[in-house]
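Chemist: Below are the structure tokens for one structure; questions will follow.
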């Protein structure tokens, strides 16, 4: 095998393929990246058996072939290449000769026949823009569960029906729902995608109208983003019936500047760090139209002007949960609805449509 390609393009592809390289595997070949040279490009493939990534790089191929090189080591070398182009050739003993500008080295590789093939995903397909998908993922991913008690909750639920896509995540303390409209009718899809896969997908998405093709089979999902493809297993299990905990009625409703509240929560977290406290008490004064924020076990107090409807209320939340939500929203103002101080609060857009919904479970404070 022999080819020449652009160093910057190679590194861009390697930075994506890197996400599916396991740190340690019982099969050493999985710790590598498969390089296949054919036609006018090379294909980089990596997999940890839960997720697989395939990236294409334009190349001048003199001799077709394939090899598996040590993934992390090859990525490190590629990042430090001095030239704008790199030439790589592989002999019959799977030794790769690498040359860029005046730099030369060799890397011992492995036979690509030992590398597992990525599954071919066939099934229901839909297309969304990169901008849409990025908003849906970033607006929910922080709410997935981090423990494995209920594995299905470590992923996001994708619900697609008619011309609507809804992404849901919950961890038992908070619920995140983001919705967007599709430009076409789609078949009904109900699937849970692992949070790790979605996190890696979000890292390569841009704020453009370029289309992403998502294909769902019974056990896998595939994301086709430009010349790159990410494949992962769907999570099994029954997702929590989240619609049962959403309510529209309220006892108190406030409209507040999101940035002011976010900055206040940020300061509260900083102050609470010294006293090892993560709970903030929110006091709503409907007469004065003020939200008073008190960081528990500290002397911090801050007041923010609000628009208010309903009764006075005192309720406590985990500051981090509130901050995660506020950072994911771009609206200048938000609406927060409260039922009682033992019920979750609901955060929604200022026009109160269902473009996004967030619920946070309060904490009882004596």
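Chemist: Determine the pairs where a residue that is in a strand (DSSP E or B), located within the stretch 104-120, has a partner that is exposed (fewer than 11 other Cβ atoms within 10 Å of the Cβ) with Cβ atoms under 9 Å apart, the partner being 6 or more residues away or on another chain.
Modeler: Cβ pairs passing all conditions: 108/93.
Chemist: Here's another thing I want to ask about it. Only one of (1) in contact with a helix residue (DSSP H, G or I) (Cβ under 9 Å, 6 or more places away or on another chain); (2) free of Cβ contacts under 8 Å to residues at least 60 places away in the same chain; (3) within 15 Å of residue 51 (Cβ to Cβ) fails for residue 219. Which number is that?
Modeler: It is condition (1) that residue 219 fails.
Chemist: Now for a separate question. Just to be sure I understand the filter: pairs with C-beta atoms under 7 Å, separated by 6 or more residues or on different chains, first member in the stretch 124-138 and at pLDDT 95 or above, second member assigned to a helix (DSSP H, G or I). Which pairs pass?
Modeler: Hits for this filter: 134/202; 137/198; 137/201; 137/202; 138/202; 138/328.
Per-residue answers, yes or no, for (1) part of a strand (DSSP E or B); (2) outside the structural domain of residue 341 (by TED's automatic domain parsing); (3) within 30 Å of residue 300 (Cα to Cα):
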| residue | (1), (2), (3) |
| --- | --- |
| 183 | yes, yes, no |
| 190 | yes, yes, no |
| 209 | no, yes, no |
| 214 | yes, yes, no |
| 218 | no, yes, no |
| 236 | no, yes, no |
| 250 | no, no, yes |
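Chemist: What about residue 197, is it crowded, with 21+ Cβ neighbours inside 10 Å, in a helix (DSSP H, G or I) and either touching a helix residue (DSSP H, G or I) at 6+ places or on another chain (Cβ under 7 Å) or not assigned by TED's automatic domain parsing to the domain that holds residue 228 (or both)?
Modeler: Numbers: crowded, with 21+ Cβ neighbours inside 10 Å: yes; in a helix (DSSP H, G or I): yes; either touching a helix residue (DSSP H, G or I) at 6+ places or on another chain (Cβ under 7 Å) or not assigned by TED's automatic domain parsing to the domain that holds residue 228 (or both): no.
No, not satisfied.
Chemist: Which members of the stretch 124-172 meet the condition of being in a helix (DSSP H, G or I) and farther than 19 Å from residue 327 by Cα? Give the derivation first.
Modeler: Start the filter on the stretch 124-172 by keeping residues that are in a helix (DSSP H, G or I), which leaves 130-138, 141-143, 151-154.
Once the filter is applied, which keeps residues that are in a helix (DSSP H, G or I) and farther than 19 Å from residue 327 by Cα, the stretch 124-172 yields 130, 151, 152, 153, 154.
Chemist: Residues that are assigned by TED's automatic domain parsing to the domain that holds residue 257 and closer than 13 Å to residue 176 by Cβ, at least 1 per element: which strands (runs of 3 or more DSSP E) completely within the stretch 300-366 meet that?
Modeler: Details: elements: 301-305, 307-310, 313-318, 333-338, 345-348, 356-360.
Because the criterion is at least 1 residues that are assigned by TED's automatic domain parsing to the domain that holds residue 257 and closer than 13 Å to residue 176 by Cβ, the strands (runs of 3 or more DSSP E) in the stretch 300-366 that meet it are 345-348, 356-360.
Chemist: Is it the case that residue 88 is farther than 28 Å from residue 234 by Cα and either without any contact (Cβ under 8 Å) to a residue 60 or more places away in the chain or outside the structural domain of residue 222 (by TED's automatic domain parsing) (or both)?
Modeler: Numbers: farther than 28 Å from residue 234 by Cα: yes; either without any contact (Cβ under 8 Å) to a residue 60 or more places away in the chain or outside the structural domain of residue 222 (by TED's automatic domain parsing) (or both): yes.
Against the criterion (farther than 28 Å from residue 234 by Cα and either without any contact (Cβ under 8 Å) to a residue 60 or more places away in the chain or outside the structural domain of residue 222 (by TED's automatic domain parsing) (or both)), residue 88 qualifies.
The values are calculated or read from the model by the stated rules, or taken from the named source; none is laboratory data. Quick caveat, the model's predicted, so the values are computed rather than measured. For neighbour counting, all protein chains shown are included, and Cβ atoms are generated from backbone atoms with ideal geometry for every residue, glycine included.
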